[in-house]
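The values are calculated or read from the model by the stated rules, or taken from the named source; none is laboratory data. Model, not experiment: these values are computed from the prediction. Using ideal geometry, Cβ is built from the backbone for each residue, glycine included, and neighbour counts are taken over all protein chains shown.
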Amino acid sequence: MVFKIDIVEVKEEDTIILAPKSSVFDKIPPKSPAFYNPAAKLNRDVSLRIYSAYARLTCSNITFGDALAGVGARGLRVAKECKGVAQVYLNDLNPKAIELARYAAELNGVSEKCVFTTKDAILFLAEHSQPARRFDILDIDPFGSPTPFLAAALRAVKRGGLISLTATDTAVLCGVYPKVALRRYGGLSIRCEYGNEVGVRLLFGAASKLAMSMDAGIIPVFAQASRHYIRVYFTLEKRASKAEENLTNIGYLNHCIECGYREVGASLLNTCPKCKAKMLNAGPLWIGEINSKSILENAVKLNSDTTSAVGKIVSLALGECGLPPTYYIVDKIADRLDVLTPRTEEVITRLKTMGFRAARTIFNPKGIRTDASKEDVEAAVLGLKK
């Protein structure tokens, strides 16, 4: 096949991807003539592990939908690398992108598994809203916010189906533009050391609140956050009882910018109970669990190599299961206490010795998630024993 644009062949794991030369070699991948982001490979690696773990726990003959496929990097890898996936639907409004994806499917020997369309994403999702046409797994990976596609996405997955959402408006979600976050996601964001987790919880909260309006609820599976994107995964339970259960997981995160005290609950807190300073308020947002232990356990079992980048990420997330919202950054606590910064693992060991649960978090390499109080974390940083 002859293309009217300069293309290069890229290999991601076992999958060949065809992309415009400019997408691979320019510092910032352009949207035109077709979009491909090589820097998002790890993002795709992780998603493949989560999809495979979900497929192992559910059924065979899985259907996967990619509403904003670009050149098909994620969808083609699902077709090639995910066991149990029977059919992959790749949609993008850009015909050049789909032309590249179609030819790459031939190179990978997965053409029979793939269905290609060039439709508006919301129209594509609407056409899959009927029960017989809904997806088992659906991916929404737009430029900016995924909220314009969210309602259609919720209608396009089966009962118990898995949805993954990506948001690239991280400045909005992480506290730079809190009023924009309120408008787009239905909750205020705040700037603090765990602002990326606030963004994750705002995105889960937006999905949950919209699902509840449809007498459905979500079950969070996994979340990632980086400087450039926030990505969440959840399953959809289409029953009113799950919607009512979700309601108890919507609340506020209150943070004191002066002393670092934080409190999560159903109501706003204006004054810090520790130092009497004014509190920052985030939400309403998701305050419940953000990881699925069963799916993450399966994700770990899929590859015994926990030293790989993907292995480390899923293992860290598994270790966080059951721990409360927010995390502490050792460097910031040490600075506040005016002491030398101890090693993160050392602080975790001290907290465990004191009788608390504690683990590293995937959201920050110096972060610790624990059920200990702020004062106990400070004591662990100081090296004090309870």
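In table form, for the structure just shown:
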read-out	value
Looking only at segment 235-250, and only at residues there that are assigned to a strand (DSSP E or B) and buried (at least 21 other Cβ atoms within 10 Å of the Cβ), the one that is farthest from the chain's Cα centre (by Cα)	I250
Within segment 282-301, considering residues that are of a type outside the set (A, V, I, L, M, F, W, C) and under 16 Å from L203 (Cα atoms), the one nearest to the chain's Cα centre (by Cα)	N291
Search result, residues across segment 144-169 that are of a type in the set (D, E, K, R) and more than 17 Å from Y54 (Cβ to Cβ)	R155, D169
Single unsatisfied condition, L316 versus (1) part of a loop (DSSP other than H, G, I, E, B); (2) in contact with a strand residue (DSSP E or B) (Cβ under 6 Å, 6 or more places away or on another chain); (3) of a type outside the set (S, T, N, Q)	(1)
Number of positions in segment 264-277 that are more than 18 Å from F363 (Cβ to Cβ), in a strand (DSSP E or B) and touching a residue at least 12 places away in the same chain (Cβ under 8 Å)	1
Filtered residue count, segment 335-354, keeping only those that are at pLDDT 95 or above, hydrophobic (A, V, I, L, M, F, W, C) and not in a loop (DSSP other than H, G, I, E, B)	3
Only listed residue being closer than 30 Å to A39 by Cβ, crowded, with 20+ Cβ neighbours inside 10 Å and not charged (D, E, K, R), chosen from V330, V347	V330
Subset of segment 106-121 that is among the charged types (D, E, K, R) and assigned to a helix (DSSP H, G or I) - its residue that is farthest from Q87 (Cα to Cα)	E106
Complete set of residues in segment 202-231 that are farther than 16 Å from G283 by Cβ and polar (S, T, N, Q)	S213, Q224, S226
Only listed residue being crowded, with 21+ Cβ neighbours inside 10 Å, touching a helix residue (DSSP H, G or I) at 6+ places or on another chain (Cβ under 8 Å) and more than 19 Å from G109 (Cα to Cα), chosen from A19, A34, A55	A34
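To keep it simple, each residue is scored yes or no on (1) more than 21 Å from E9 (Cα to Cα); (2) modelled with pLDDT under 95; (3) touching a Lys or Arg at 6+ places or on another chain (Cβ under 8 Å); (4) among the aliphatic types (A, V, I, L, M).
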site	(1), (2), (3), (4)
D92	no, no, no, no
L100	no, no, no, yes
N108	no, no, yes, no
C114	no, no, yes, no
I122	yes, no, no, yes
E127	yes, no, yes, no
Q130	yes, no, no, no
